Amino acid sequence: MGKFHGLARSLAANAVLGVTEGFKKELDIVGIGYRAELKDRQVTFALGYSHPIVFDIPKGSRSPSTSRRTSP
């Protein structure tokens, strides 16, 4: 039973973290010529394909209000 102590502790900690902070996904776009644009409830990705990829943000989820840009 001792070997399951760490597993039980991490499962409980992750459950508490999920309830307090909620779930979020972050996307890092790395490279020259790749970009993403947020307009209303749609995200348009330019990823090097022959056409842009449009993704509708589901209702009930929060869309990011500002984009984060970091330099390497």
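The values are calculated or read from the model by the stated rules, or taken from the named source; none is laboratory data. Predicted model, so just to flag it, every value in this text is computed and none were measured. Positions of Cβ are generated from backbone atoms using ideal geometry, with glycine treated the same way; all protein chains shown enter the neighbour counts. The accessibility values were calculated without ligands, DNA or RNA, using every heavy atom of the protein model including side chains. Shrake-Rupley method; radii C 1.70, N 1.55, O 1.52, S 1.80 Å.
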*Could you please give the count of residues in region 21-41 that are of a type in the set (Val, Ile, Thr) and under 17 Å from the mean Cα position of the chain (by Cα)?*
2
*Taking strands (runs of 3 or more DSSP E) that fall entirely within the chain, which contain at least 1 residues that are modelled with pLDDT of 85 or more and among the polar types (S, T, N, Q)?*
42-46
*When both residues are 6+ apart or on different chains and their Cβ atoms are under 9 Å apart, which pairs have a first residue that lies in region 7-34 and is open to solvent by 100 Å² or more (accessible area, probe 1.4 Å), and a second that is among the aromatic types (Phe, Trp, Tyr)?*
TYR34/PHE45
*May I ask you to list pairs of residues, at least six apart or on different chains, whose Cβ atoms are under 6 Å apart, with the first in region 38-57 being aliphatic (A, V, I, L, M) and the second being not in a loop (DSSP other than H, G, I, E, B)?*
VAL43/ALA36; VAL43/PHE55; ALA46/ARG35; ILE53/PHE45; VAL54/GLN42; VAL54/THR44
